[in-house]
Amino acid sequence: MDRRWKRRAAALLTALALTIPARAAQIEADGQTLNASDAWVEEGTSYVTLRAFSALTGGTLTWTGDRARLTGAGLELEAVPGALYVTANDRALYVPGGVRVENGVTVLPLSVLANAAGAELTWDGENAATRLKLTGAVPPQASYDETDLYWLSRIISAESRGEPLLGQIAVGNVVLNRVASGQFPNTVKEVVFDRKYGVQFEPVSNGTIYDQPTDSAVLAAKLCLEGAAPVGDSLYFYAPALSAGTWISTSRAYYGTIGCHKFYG
């Protein structure tokens, strides 16, 4: 099995987990302390304006229709206000809480932009500073395992067609959690077609697993392969309107509900 998605996911999750104290923290880029109006800490997460990040990278920031576009230094990034993701060199990167606009300025978590740029992001606890190293950074290009993307997008589409994007990502999150767990097979395709305790996913039984996936399902699959995990370590989900889910609800820890699905660990 190609495990590149695991390395990418681990890198992104590490970046997203980089939380710092809001009090007396500062954000530095290549040794330069950024102005508080350009970069700040909010509820333990560092944020930066896209305009300031563009200046740091020497890129060009423009607006085309409803989206901001940053180009230069090997990076082509697009961000749409309110969207749960940005695209960067044809990659799809999850933005918890969505792309924000404040006072007419686009704002993103610094971890997302560091990931897009291939930059190193560290936390210096002794000096209460987040440090971004852009020097020598090489923005990664999209590189998805075709088999994983093929089956992940199809199971997401078949299980959550019509659900909001976050709900579709959550379904893919569960599939990849199963791949990573020793309780289930270790490839996406094998997890989808797992029959050890009976058919695991209804679309395998009714044949909709073979339907062409929606564009949003393909996007959700890419976001999952990049490490998006809105339902954490959840291994199970069901739709109460279609199934009683008795064993899951009585045997597993409830994580939360997104759209029509309940998720359990």
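Placing pseudo-labels 7 Å out from each Cα toward the beta carbon at T122 and A239 gives an inter-label distance of 4.8 nm.
T208 to Q183: extension gain in nm, 0.36 nm per residue of separation minus the Cα-Cα distance?
Details: separation 25, 0.36 × 25 = 9.00 nm, distance 2.53 nm.
Gain on stretching T208 to Q183: 6.5 nm.
Which order do peptides 137-147, 50-60, 66-76, 168-178 fall in by mean Cβ count within 10 Å, highest first?
Details: 137-147: 14.8, 50-60: 18.7, 66-76: 16.9, 168-178: 25.8.
Answer by packing, highest mean first, reads 168-178, 50-60, 66-76, 137-147.
Distance between the modelled labels on E78 and C260, one decimal in nanometres: 3.0 nm (7 Å Cα→Cβ projection).
Ranking V174, Y254, F193 by how far each Cα lies toward the positive end of the dipole of the range 142-265 (charges on Cβ) leaves Y254 at the top.
Rounded, prolate or oblate: which one fits the chain, using the alpha carbon gyration tensor with axes a ≥ b ≥ c (rounded when a/c is under 1.5, else prolate when a/b beats b/c, else oblate)? If you can, show how the numbers build up before the last one.
Working: a/c = 2.10, a/b = 1.85, b/c = 1.14.
Prolate shape, in that a/c is at least 1.5 and a/b is the bigger ratio.
Going by a ≥ b ≥ c, the root eigenvalues of the Cα gyration tensor, does the range 125-188 fall in the rounded group (a/c under 1.5), the prolate group (a/b larger than b/c) or the oblate group? It comes out prolate by the Cα gyration axes. Shown is the FRET efficiency for T147 and V101, computed with R0 = 25 Å from the Cβ-Cβ distance and rounded to the nearest 0.05: 0.10. Backbone amide hydrogens, once placed in the peptide plane, bring D38 within less than 5 Å of nothing, excluding anything fewer than 5 places away on its chain.
Phi angles of the range 133-139 translate, via the Karplus equation with coefficients 6.51, -1.76, 1.60 and θ = phi - 60°, into HN-Hα couplings of 10, 8, 4, x, 5, 10, x Hz per residue; Gly and Pro are given as x. Rounded to the nearest whole Hz, the Karplus-based 3J(HN,Hα) values (6.51 cos²θ - 1.76 cosθ + 1.60, θ = phi - 60°) of the range 69-84 follow the sequence 10, 10, 10, x, 6, x, 10, 10, 10, 10, 9, 10, x, x, 6, 8, with x at glycine and proline. Solvent-accessible area of the chain (1.4 angstrom probe, protein heavy atoms only): carbon and sulfur portion equals 49 percent. Distance between the pseudo-spin-label points of T64 and E42 (7 Å out from Cα toward the beta carbon): 2.7 nm. For the range 108-257, the alpha-carbon radius of gyration amounts to 1.21 times the rule-of-thumb value 2.2 N^0.38 Å expected for a compact globular protein.
Each Cα pair under 8 Å and six or more residues apart adds its separation to the average, and for the chain the resulting relative contact order is 18 percent.
The values are calculated or read from the model by the stated rules, or taken from the named source; none is laboratory data. If you're wondering where the values come from, they're calculated on a predicted model, not measured in any experiment. Cβ atoms come from the backbone with ideal geometry, glycine included; neighbour counts cover every protein chain shown. We work out accessible area using only protein heavy atoms, side chains counted, and drop any ligands, DNA or RNA first. Shrake-Rupley method; radii C 1.70, N 1.55, O 1.52, S 1.80 Å.
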